[in-house]
Amino acid sequence: MPAAYEQYLVPVVFRPFAEDLTARATALRPRRILELAAGTGVLTAGLLAAQPSAEVTATDLNEAMVTFGSARAPGAVWRQADAQQLPFPAGGFDLVVCQFGVMFFPDRVKAFTEVRRVLAPAGRFLFNTWGPLGTHAFEAALQAGLERAFPLDPPRFFQTVPHGYADPGIVAADLAAAGLAVEDEQELTLQGRAASTADLATGYLTGTPVRAAVEEYSDGPAARATVIEEMTARLGPGPVTAPMTAYVFRAAAR
């Protein structure tokens, strides 16, 4: 999964937002950065390049992602870690960053409380979340393909997890419950550019958790073909450019 995620999804879906978060992080001039849910390291690499004097610690719950990311961005200190129980002392970081990871935390208030604990007194928490599924053209097309391929019980992962934390009011309330206050919140729409819709579909079907549903299906190849056909009908064969909307938050201890 990490290799497919990195090859097909990172350049199209994640790099544009990583560049945005890198610029926002650089403006804060942190010396000690902790990244949560770092994945394969697209944001990590950007932070290292933009702030070569900063100490960057990158973490992910998934050991395979940590292994892949540590090879991709070796300038950071990589550790497997649960965001809900961080293995770091209090006040150790000027900045905590997280790109499209908070949606995966089972207990977000607990994770945000840990963020507050490891932040230095003047530290900041910078992160983003996806907007509603309909505001992400690639993933809306993917979901339509999944619903066509699995008419009785389509995978709902993208609706319930990546796009399941798309209410800024709920995010702000969770932060407040953890002792953090939103300093800035912005809706941001960027363009994703894919050379091939088929490659993009392959990335989603092999580099994300929907892979398991497709592989367990009795006719997986036919399901994959149906998803690719539906995405191509909606997006074109490629090259394709489509909008993706996210919310970007900057928070600090109250």
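The angle between the Cα long axis of helix 168-177 and the main principal axis of the chain comes to about 40°, on a 0 to 90 degree scale. Of all accessible surface on the chain at a 1.4 Å probe, what whole percent is carbon and sulfur? For the chain, the apolar C and S fraction of the accessible surface comes to 53 percent.
Does anyone have the angle between helix 220-235 and the longest principal axis of the chain? Alpha-carbon axes, 0 to 90°, nearest 10? Roughly 80 degrees, rounded to the nearest 10.
Take every DSSP beta bridge whose two residues both sit in the chain; close to 55 percent of them are antiparallel.
Between residue 1 and residue 27, the modelled labels are 3.4 nm apart [label points 7 Å from Cα along Cα→Cβ]. Applying 1/(1 + (r/R0)^6) with r as the Cβ-Cβ distance of residue 88 and residue 160 and R0 = 30 angstrom yields a FRET efficiency of 0.50. For residue 233 and residue 212, the difference between the fully extended length at 0.36 nm per residue and the C-alpha to C-alpha distance is 5.1 nm.
For the peptides 121-131, 236-246, residues were scored by their other Cβ atoms within 10 Å and the scores averaged per peptide; the highest-first order is 121-131, 236-246. With a cut-off of 15 Å between beta carbons, the residues surrounding residue 243 carry a summed charge of -1, where Lys and Arg count +1 and Asp and Glu -1.
Considering helices alone, the calculated mean residue ellipticity of the chain at 222 nm is -12500 deg cm²/dmol, with DSSP H runs of length four and up weighted by -39500 (n - 2.57) and normalised per residue.
Where does helix 137-149 land angle-wise versus the long Cα axis of the chain, in degrees 0 to 90, nearest 10? Computed tilt is about 50 degrees.
Entry comment: accessible area of the chain is 42 Å² per residue, from protein heavy atoms only and a probe of 1.4 Å. The computed Rg and Dmax of the Cα atoms in Å for the structure shown corresponds, within (1) 17.9, 52; (2) 17.9, 58; (3) 18.1, 55, to (3).
Counting only other residues whose beta carbon sits under 11 Å from that of residue 41, what net charge do I get with K and R as +1, D and E as -1? Its environment carries a net charge of -2.
Once the Cβ-Cβ distance of residue 144 and residue 185 is raised to the sixth power relative to R0 = 41 Å, the FRET efficiency obtained is 0.90.
The values are calculated or read from the model by the stated rules, or taken from the named source; none is laboratory data. These numbers were taken from a predicted model, which means no experiment stands behind them. In this analysis, Cβ positions are derived from the backbone assuming ideal geometry, glycine residues included, and neighbour counts consider all displayed protein chains. The area values use the complete protein model at the heavy-atom level, side chains included, leaving out ligands, DNA and RNA. Shrake-Rupley method; radii C 1.70, N 1.55, O 1.52, S 1.80 Å.
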